[in-house]
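Before any comments, here is the structure.
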Amino acid sequence: MKLELSIVCISAIIIAGMFIAATNKEKTNTLDAQSKLEEALFSFAKTYGYIRYFYPGDEVADFEWDRFAWYGSDIIMRTSNLSIDDQIRSLFSPIVASLQIEGDIRKIGSTYHHQAINKTNTVYWQHLGDGKERIGYPYMSMRVNRPVRKLPESPNDFASIRKIINEKKYQGQKVKLTGKIKVNTSFIGRPSLIISVKEFGKDRKTFSTEGQTVTSGKWVTHEVMTQLPDSIEQIALICQSVTQTGALSFDDLLLETENDGKWEQAEFVDFETVETEELVNEWRPFAPNQDITLQKDETNNSVVSFSRTLGILTSLPPLFDDYPVQASFLVKSIGSGLHIGFPTVMQQSNNRTIPCADTSRLNTLRKSLSDIRDDKFGVSNLSTRIANIIILWNRLQHFHPDNPFSTEDWESELKKAIKKSFTDRTLDDHRSTLTKMTRGLKDSHMTFYITALQRPPFYFPFKWEWVENKLVVTKVISSETNLKVGDIIEKVNGIPAYQYWAEIKSNVIGATEARQNFKAIEESLSGEKDSKIQLQTLSADGKKSTIDVTRTISEFVFNKNTDQINNLEKYQQIKPGYFYVCLSQITWDDLKTHLEELSKAKGIIFDLRGYPSWKTIEIVSHFSKDSIKAMTYLTQKVIYQDNS
């Protein structure tokens with residue numbers, strides 16, 4: 001029996017060892033396969049940017065490059081049996097007839113005849129920033145000597161419809177505006193419902209739902225409420241969108257008033273009986289860069305549709321005098337030991353660039369892009385996550401003004417983001433990957449206007465800030481939290497506060513430590529409705545507590561109670577001869593009454609935080625006999641790759 005048992009044990013050990021070895025081998029094979037995919041996607045990303053922004057052939061005109069980023073990523077992951085050079089060649093050769101891909105850089109361009117620049121016949125790219133192949137504002141891109149899409153000459157990216165309502169009926173009342181908003185999958189922008197209030201003798205104030213979430217293909221209800229003043233000159237209900245691409249719809253606008261704690265309907269518009277003439281005359285559409293129309297939705301209901309204007313196809317002179325004199329044939333490394341080459345300057349004959357790609361193959365590719373179903377573009381799809389990274393990385397690589405001066409290894413950031421995308425699962429995961437990829441640029445103005453990524457507008461009933469290396473409660477909205485101003489947060493969900501805050505800051509972008517801490521407040525406090533965290537706190541009297549808190553406060557209530565700008569004094573004398581003026585709160589009419597007093601002041605602090613009106617900013621002109629010049633905003637001229 002002992003011998004038999006020993007044999008069984010030895011056999012079990014051998015089998016277990018074989019299983020472990022097989023499992024490790026499978027893991028190794030899986031990792032090897034993913035590593036190859038990551039290499040291929042990196043090479044695709046590099047090639048994508050070079051060809052999208054610098055290949056001047058007619059094949060790129062009105063090409064759906066965003067969809068192609070998704071399509072190419074998807075194809076690479078489904079054809080992993082092919083070599084990387086074959087994958088890249090298969091994807092891009094229908095667009096670039098003269099594309100060369102070689103491991104040996106000496107083989108590229110050796111037989112190509114460099115084109116001389118002819119001001120009337122030569123075609124090449126010029127960019128003022130990334131104009132997305134259009135002449136817009138402030139960014140412009142065009143292929144010189146070929147037709148280009150020109151958008152209306154307006155700096156306004158927003159469109160709106162607004163209706164003036166009877167102000168006397170609602171003054172002094174608490175009102176709530178709700179409405180439905182739906183966007184399509186290509187939409188990038190910020191839609192909102194707005195209550196606009198103009199008091200007599202004061203600047204207009206707006207109460208907006210901007211930042212509240214929207215979902216592609218689904219109706220989402222937005223809500224905003226406010227207490228109206230007792231004296232009103234005008235009230236307007238507004239549907240507005242700041243739209244970069246795509247389309248959206250508004251419907252079912254409902255204005256309610258509060259009466260004895262209950263909401264009662266005051267105005268309702270579902271656009272079923274609204275005619276185009278009424279939309280124009282009563283709702284006063286404003287849309288220099290967008291089209292606003294009445295349309296039927298999928299259930300045959302009438303809705304108001306906003307869509308970005310495509311512009312007109314026209315011929316224009318070059319954007320600037322510079323042209324590519326260094327070389328007319330691009331040769332670049334795309335990783336994986338590969339190099340690509342293609343002309344960046346082309347001639348045209350019979351009103352088209354030469355050489356020409358195969359029309360049949362190009363049309364087949366265009367149809368493949370248009371046939372991609374919109375429901376494929378969810379962030380749960382790996383191809384979508386990779387496509388977002390590719391599009392963003394290339395825009396920054398070729399056009400961001402700070403990229404040449406960044407200390408970051410920008411290519412390694414692309415590789416890390418691609419790798420991380422394989423394990424990302426949620427919107428927040430993907431948002432974190434995009435943020436961490438771009439943090440090295442330290443651009444405080446960088447924000448991701450991918451509407452599905454906007455955080456839901458619910459907050460904890462308190463505000464905290466990072467003060468002297470501690471996480472401190474600075475405002476309490478509801479006493480139910482058992483928190484007090486001055487309480488120190490020692491742990492969040494069991495994680496030390498300094499460690500928690502460092503992770504939060506890694507998901508925001510800012511040029512300075514102070515800006516990162518400021519943006520981290522919003523990042524940490526906002527989240528999904530009814531989501532919870534546990535806090536371990538230390539009070540001023542040394543008492544330690546464990547508290548569970550829930551996100552139950554709407555964006556409107558949170559901002560109303562925590563916005564420091566709204567709570568600032570408009571005007572005050574700090575000490576004899578010294579004054580403080582908050583230009584975002586005081587009106588020009590109020591300010592005029594203090595001009596004589598200010599003219600005798602020893603010192604004045606003008607607070608420019610928030611959004612002062614242009615009229616109040618004019619006060620600065622009273623303090624100088626000379627012209628006061630603002631900073632000059634410059635846009636990069638780009639004709640060469642990699643911000644060179």
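The values are calculated or read from the model by the stated rules, or taken from the named source; none is laboratory data. Quantities reported herein were computed from a predicted structural model and do not represent experimental measurements. Don't worry about glycine lacking a Cβ; one is built from the backbone with ideal geometry, like all the others, and counts go over all protein chains shown. Side chains included, ligands, DNA and RNA excluded: accessible areas come from the protein's heavy atoms. Shrake-Rupley method; radii C 1.70, N 1.55, O 1.52, S 1.80 Å.
For D321, the conditions (1) more than 22 Å from G131 (Cα to Cα); (2) free of Cβ contacts under 8 Å to residues at least 12 places away in the same chain all hold with the exception of (1).
Restricting the first member to the stretch 354-370 and to residues that are touching a residue at least 60 places away in the same chain (Cβ under 8 Å) and assigned to a helix (DSSP H, G or I), and the second to residues that are hydroxyl-bearing (S, T, Y) and open to solvent by less than 70 Å² (accessible area, probe 1.4 Å), the beta-carbon pairs closer than 8 Å and six or more apart or on different chains are R361/S93; S368/Y71; L369/Y71. Taking residues in the stretch 116-131 that are assigned to a loop (DSSP other than H, G, I, E, B), and partners anywhere that are open to solvent by 30 Å² or more (accessible area, probe 1.4 Å) and among the hydrophobic types (A, V, I, L, M, F, W, C), the pairs with Cβ atoms closer than 6 Å and at least 6 places apart or on different chains are G131/M140.
Kindly establish whether F271 is open to solvent by less than 60 Å² (accessible area, probe 1.4 Å) and at pLDDT 90 or above. So F271 fits the description; yes. The residues of the stretch 456-477 that are open to solvent by less than 20 Å² (accessible area, probe 1.4 Å) and touching a Leu at 6+ places or on another chain (Cβ under 6 Å), listed by number, are Y459, F460, F462, W464, V473.
Going by what's in this entry, would F306 be described as in contact with a His (Cβ under 8 Å, 6 or more places away or on another chain) and surrounded by 13 or more Cβ atoms within 10 Å (Cβ to Cβ)? Against the criterion (in contact with a His (Cβ under 8 Å, 6 or more places away or on another chain) and surrounded by 13 or more Cβ atoms within 10 Å (Cβ to Cβ)), F306 does not qualify. Does F377 satisfy being closer than 24 Å to K637 by Cα, in contact (Cβ under 8 Å) with a residue 60 or more places away in the chain and aromatic (F, W, Y)? In short, no. Scanning the stretch 574-596 for residues that are open to solvent by less than 80 Å² (accessible area, probe 1.4 Å), in contact with a Phe, Trp or Tyr (Cβ under 8 Å, 6 or more places away or on another chain) and over 17 Å from K202 (Cα atoms) yields F579, Y580. Restricted to the stretch 132-146, and to residues there that are open to solvent by 20 Å² or more (accessible area, probe 1.4 Å) and not in a loop (DSSP other than H, G, I, E, B), the residue that is modelled with the highest pLDDT is M140.
Might you check whether a residue that is in contact (Cβ under 8 Å) with a residue 60 or more places away in the chain and crowded, with 17+ Cβ neighbours inside 10 Å occurs anywhere in the stretch 214-221? Taking every residue of the stretch 214-221 in turn, at least one turns out to be in contact (Cβ under 8 Å) with a residue 60 or more places away in the chain and crowded, with 17+ Cβ neighbours inside 10 Å. Restricting attention to the stretch 554-573, does a residue exist that is closer than 20 Å to D428 by Cα and buried (at least 16 other Cβ atoms within 10 Å of the Cβ)? The answer is yes; a qualifying residue exists. Put simply, of L319, L313, L294 the only residue that is open to solvent by less than 60 Å² (accessible area, probe 1.4 Å), assigned to a strand (DSSP E or B) and not polar (S, T, N, Q) is L294. Going through (1) under 15 Å from the mean Cα position of the chain (by Cα); (2) part of a helix (DSSP H, G or I); (3) at pLDDT below 90 one by one, I389 falls short only on (3). Among the residues of the stretch 49-72, write down those that are among the basic types (K, R) and either buried (at least 23 other Cβ atoms within 10 Å of the Cβ) or within 19 Å of Y640 (Cα to Cα) (or both). Scanning the stretch 49-72 gives a single hit, R52.
Among the residues of the stretch 352-383, those that are at pLDDT 95 or above and under 23 Å from K420 (Cβ atoms) comprise L382, S383. Is there a residue being in contact with a strand residue (DSSP E or B) (Cβ under 6 Å, 6 or more places away or on another chain), part of a loop (DSSP other than H, G, I, E, B) and not basic (K, R) anywhere in the stretch 612-623? No.
With the condition kept exactly as written, say whether any residue in the stretch 340-347 is part of a strand (DSSP E or B), surrounded by fewer than 18 Cβ atoms within 10 Å (Cβ to Cβ) and not β-branched (V, I, T). Yes: one or more hits. Within the stretch 418-446, take every residue that is touching a residue at least 40 places away in the same chain (Cβ under 8 Å) and in contact with an Asp or Glu (Cβ under 7 Å, 6 or more places away or on another chain) and give me the one that is farthest from I389 (Cα to Cα). Restricting to residues being touching a residue at least 40 places away in the same chain (Cβ under 8 Å) and in contact with an Asp or Glu (Cβ under 7 Å, 6 or more places away or on another chain), the top hit is D443. Scan the stretch 605-644 for residues that are over 30 Å from I334 (Cα atoms), surrounded by 15 or more Cβ atoms within 10 Å (Cβ to Cβ) and of a type in the set (V, I, T) and the total you get is 2. Which of the following residues is out of contact with any strand residue (DSSP E or B) (no Cβ under 9 Å at 6 or more places or on another chain), closer than 18 Å to R52 by Cβ and surrounded by fewer than 16 Cβ atoms within 10 Å (Cβ to Cβ): S360, S412, S368, S380? On inspection, the qualifying residue turns out to be S368. The combined condition, being of a type outside the set (F, W, Y) and either surrounded by fewer than 17 Cβ atoms within 10 Å (Cβ to Cβ) or over 20 Å from V148 (Cβ atoms) (or both), is fulfilled by V331.
Residues in the stretch 82-100 that are open to solvent by 40 Å² or more (accessible area, probe 1.4 Å) and out of contact with any strand residue (DSSP E or B) (no Cβ under 8 Å at 6 or more places or on another chain): L82, S83, D86, S90, A97. Of the residues making up the stretch 478-502, those that are of a type in the set (D, E) and either at pLDDT 95 or above or surrounded by 15 or more Cβ atoms within 10 Å (Cβ to Cβ) (or both) are D487, E490.
Considered as a group, the residues in the stretch 168-196 that are under 23 Å from the mean Cα position of the chain (by Cα) and not in a strand (DSSP E or B) include one that is surrounded by the most Cβ atoms within 10 Å (Cβ to Cβ), and that residue is F187.
Tally time: how many residues in the stretch 275-293 are in contact (Cβ under 8 Å) with a residue 40 or more places away in the chain and not basic (K, R)? Qualifying residue count, the stretch 275-293: 10. Here is the figure for the stretch 239-249: residues that are over 11 Å from T178 (Cα atoms) and either surrounded by 20 or more Cβ atoms within 10 Å (Cβ to Cβ) or of a type in the set (G, A, S) (or both) total 7.
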